[in-house]
Structures are given as C-alpha cells and as structure tokens.
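Novice: One structure, as structure tokens, below. Some questions next.
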Amino acid sequence: MTLTRLMTSFATLRPRIEALTRGRVGCSATAEDIVQDTWIRLSNVRHDDAIDNHAAFTMQAAKNAAIGHFRKQQRRNEIDAEVNELLSASVDEISPERIVMGRDMLRAVDKALQTMPERSRRIFLMNRVNGVSHREIARQLGISDEAVYYHIRRVVERLAELRDSNG
C-alpha cells in the first residue's frame, strides 16, 4: 500500500500533533483519541494532490479535531446539567404530599419514557441509569457518538417538556 503525501505528512508530524493535542486537552488518553480521529479524517481525504501545503493541512486537521472534542464535551456537559436538574429535587422536608407528588412524577416520567422510540429510550437508560459512556454505547450499537447524543437529547427534551407542564 502506498501512503499518500497527506498520510506521510501525518506520520512525520505525529509527535507534534500529539504534543499539541495533549497540551490543549491536558489528558494523554484523550489526546491519543484525538490523534486517532485526525488520522481517520486524513485517511479519508481522497485527492490530497489538490492540497498545497500538506503539513499545514495536517496540523489544521488536528486543531479542528481538538476543537470538535471540546464542542462534544460541552454538549455532553449541557445534557448532564439538564438531566441532573430534571432528576434531582431540592432537599426539603419529606411530607406525605411530597411523597405522593414524587410518585406521580415518577409514573409520569416512566410513561414519557415508554412513549419514546425504543432505541432512544434504551440509549438514554444505558447512559443515565447504567453509566455507559457515549463512546461505548456507540461502539455497542454500531452508531456514531453524535447519534448517541441526539437520542439522549431527544429523551431529555421530552422529559423537560414533562417537567415544564407539571410546573
């Protein structure tokens, strides 16, 4: 197999790319994931002869992969915050009325979950109840991380509607 000029550039620049991403994300394992994502993106470029500066293109691809990582992480943090807000009640005195209200809300959440598409419900429960990571869910189900995000987002939005309608 002949390496393209872009892939040769990547191989040459890999130590710099690793240092760049490790410096940006502060975690060697995450940096390695980003480097791998960069390699995959570059390996999918079909006509690298149209690229004037392979080194600059390679470094920009690595920077873009790091930015993409931060954006995904930000979206996940937003979802986590919404879910935590939905699932955690303020710690007040537990009264019989609050117990009844809590049970009613739990039934409503269960009913709302049952109306969701099976795949979305399953992904949401895998992540939020069983603690399975987005990446692991994606691997198990053969879908992208983005698809996992959107399935979870769909359920969170439905639960937020339920919360808002119950005051």
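The values are calculated or read from the model by the stated rules, or taken from the named source; none is laboratory data. Predicted model only: the values in this text are computed from it and were never measured. Cβ coordinates were reconstructed from backbone atoms using ideal geometry, including for glycine residues, and neighbour counts include every protein chain displayed. Side chains included, ligands, DNA and RNA excluded: accessible areas come from the protein's heavy atoms. Shrake-Rupley method; radii C 1.70, N 1.55, O 1.52, S 1.80 Å.
Novice: Can you give the Kirkwood hydrodynamic radius of the stretch 5-75 from its Cα pairs, in Å with one decimal?
Specialist: 12.1
Novice: Ok, one more. Rank V148, V35, V129 by mean-square fluctuation in a GNM of the chain with C-alpha springs under 10 angstrom and give only the top-ranked residue.
Specialist: Checking each option, the largest mean-square fluctuation is seen for V129.
Novice: Let me ask you something else. In the Gaussian network model of the chain, springs joining C-alpha atoms below 10 Å, which of N44, N64, N127 carries the largest mean-square fluctuation?
Specialist: So, out of N44, N64, N127, the one fluctuating most is N44.
Novice: Now a separate question. Treat each spin label as a single point 7 Å out from the Cα along the C-beta direction, and report the E157 to Q36 distance in nm.
Specialist: Computed distance between label sites E157 and Q36 equals 3.1 nm.
Novice: Provide the net charge surrounding G23, with neighbours chosen by a C-beta distance below 14 Å and charges set as Lys +1, Arg +1, Asp -1, Glu -1.
Specialist: Overall, the nearby charge balance is +2.
Novice: Can I ask one more? Sequence gap at least 6, Cα distance under 8 Å: using those rules, report the relative contact order of the stretch 116-165 to the nearest whole percent.
Specialist: After rounding, I find 41 percent.
Novice: Restricting the calculation to Cα positions, tell me the Rg (one decimal) and the Dmax (whole number) of the stretch 75-149 in Å.
Specialist: Gyration radius and largest Cα-Cα distance of the stretch 75-149: 14.9, 46 Å.
Novice: Further question on the same structure: Might you tell me the accessible area per residue for the chain, computed with a 1.4 Å probe and given in Å²?
Specialist: Ligands and nucleic acids excluded, the result is 65 Å² per residue.
Novice: Can you give me the relative contact order of the chain as a percent, contacts being Cα pairs under 8 Å and 6 or more apart?
Specialist: 19
Novice: Using alpha carbons only, how many angstrom separate the centre of the stretch 13-83 from the centre of the stretch 132-163?
Specialist: Taking the Cα centre of each part, the stretch 13-83 and the stretch 132-163 sit 22 Å apart.
Novice: How large is the Kirkwood hydrodynamic radius of the stretch 23-167, counting all unique pairs of alpha carbons, in Å?
Specialist: With all distinct Cα pairs of the stretch 23-167 included, I get 18.1 Å.
Novice: Is the shape of the stretch 116-165 best called rounded, prolate or oblate, per the rule: a/c under 1.5 gives rounded, else a/b larger than b/c gives prolate, else oblate, with a ≥ b ≥ c the square roots of the Cα gyration tensor eigenvalues?
Specialist: prolate
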